[in-house]
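Notes follow once the structure below has been shown.
The values are calculated or read from the model by the stated rules, or taken from the named source; none is laboratory data. Computed from a prediction, not measured in an experiment: that's the story for all the values here. Reconstructed Cβ throughout: ideal geometry from the backbone, glycine too, with neighbour counts over all protein chains shown. Only protein heavy atoms, including side chains, enter the accessible area calculation; ligands, DNA and RNA are left aside. Shrake-Rupley method; radii C 1.70, N 1.55, O 1.52, S 1.80 Å.
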Amino acid sequence: MSVPLSSTVKAGRLIRMFGWVNLVFSIAVIVAFGISSMAGSEPVPEWDWLFFAPAILVSLVALLVGAGVKSYKTWAKIAGAALAVICLLYFPIGTLIGIFVLVYLARGWKEPVPAT
């Protein structure tokens, strides 16, 4: 019989899921942008690629914070709440993920750290 997941672990998993989904979509958009720029006759300025850096950075931070939340780190819970608020802007799926993360973090805020 499996042990039910704590609210903190659920929040960590959702934050990591947001990170992976955001990373996959960001890479897909970069590839599509690259293909369309190669098909065009005008060269694309090099700085246009920097437009995608914040999305990839948010993805990597979400992966790191999600792992920290699953490890019951206090700094990660605070950062996870901030990422959940950012996630609310990604309508509609991100909004749902953000709401669930905030609910799970609120439920699990005072959860004791399990002994390993």
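A few comments on the model shown:
- Peptides ranked, highest mean first, by Cβ atoms within 10 Å: ranges 50-57, 8-15, 22-29: 8-15, 22-29, 50-57
- Simple spin-label estimate for Leu5 and Ala67 in nanometres, 7 Å along Cα-Cβ: 1.8
- Ratio Rg/Rh, restricted to the range 50-116 and using Cα atoms, in which Rh is the Kirkwood radius: 1.02
- Computed magnitude of the charge dipole of the chain (debye, nearest 20; Cβ of K, R +1, Cβ of D, E -1): 800
- Taking every full run of DSSP H in the chain, the ones that stretch at least 24 Å from end to end by Cα along their long axis and average 1.0 or higher on the Kyte-Doolittle scale are 7-39, 53-70.
- Ratio of the Cα radius of gyration of the chain to 2.2 N^0.38 Å, where N counts its residues: 1.29
- Normalising the average separation of contacting C-alpha pairs (under 8 angstrom, six or more residues apart) by the number of residues puts the relative contact order of the chain at 40 percent.
- Per residue accessible area of the chain, 1.4 Å probe, in Å²: 66
- Loop-located trypsin sites (Lys or Arg not before Pro) in the range 57-116 whose Cβ has at most 16 other Cβ within 10 Å (DSSP): Lys110
- The accessible surface of the chain, taken with every protein chain in place and a 1.4 Å probe, is 75 percent carbon and sulfur.
- Extension gain, Leu89 back to Trp109 (0.36 nm per residue minus Cα-Cα distance, nm): 4.9 nm
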